[in-house]
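Just so you know, all these numbers are worked out from the coordinates, no wet-lab data involved. The shown structure was predicted, so the numbers you read here are calculated from the model rather than taken from an experiment. Neighbour counts are summed over all protein chains in view; Cβ atoms, including those assigned to glycine, are modelled from backbone coordinates with ideal geometry.
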Amino acid sequence: MYKRNLRPLEPSIQDDRGRLVRSIGKAQTFLTESQIDQIVDLYAGGMSMNKIAQKYRAHRRTVAAHLVRRSVPLRSPRSLDPADTPEAVRLYEGGMTLLDVGRRFGISQHAARTAIAKAGVTIRPKGHIPRTELIRMAEAK
């Protein structure tokens, strides 16, 4: 694909992670086969893609791409345990934000929203809840 005379004259850039490429404006790390094997093992052992990406100083999508190439089934994002739904609803109706509810249960804001809406709760519009509204909601209970 590349003609020899079009290749750069400088030697390839390397660091402690291995060979790097700068042809697309950002440095990319090439993972070795043994590193990819370790990634597959870590993911199969339950480690998240984000944690693996941090460990290997790679992008999360790079980790996902290697897992897909190795035919590893990807886990779906974590959802709220049905047993925790009543507590999440109570916290949300008590004035907690979806982001805070998600953090409380170790899930994403979107997963919290989905579970709470599925329970029949009307999702508040985005933005700050006035203190008077919080007081009114507390008195209504």
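When ARG131, ARG113, ARG61 are checked against the criterion of being more than 30 Å from LEU42 (Cα to Cα), out of contact with any Lys or Arg (no Cβ under 7 Å at 6 or more places or on another chain) and not polar (S, T, N, Q), ARG131 stands alone in meeting it.
Residues checked against (1) surrounded by 14 or more Cβ atoms within 10 Å (Cβ to Cβ); (2) closer than 30 Å to ARG17 by Cβ; (3) among the aliphatic types (A, V, I, L, M):
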| residue | (1), (2), (3) |
| --- | --- |
| GLY45 | no, yes, no |
| GLN54 | no, yes, no |
| ALA64 | yes, yes, yes |
| ARG70 | no, yes, no |
| SER79 | yes, no, no |
| GLY94 | no, no, no |
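Across the range 92-116, the number of residues qualifying as more than 16 Å from SER79 (Cβ to Cβ), more than 17 Å from the chain's Cα centre (by Cα) and in a helix (DSSP H, G or I) comes to 1. Among the criteria (1) outside any helix (DSSP H, G or I); (2) within 30 Å of LEU31 (Cα to Cα), the one PRO125 does not fulfil is (2).
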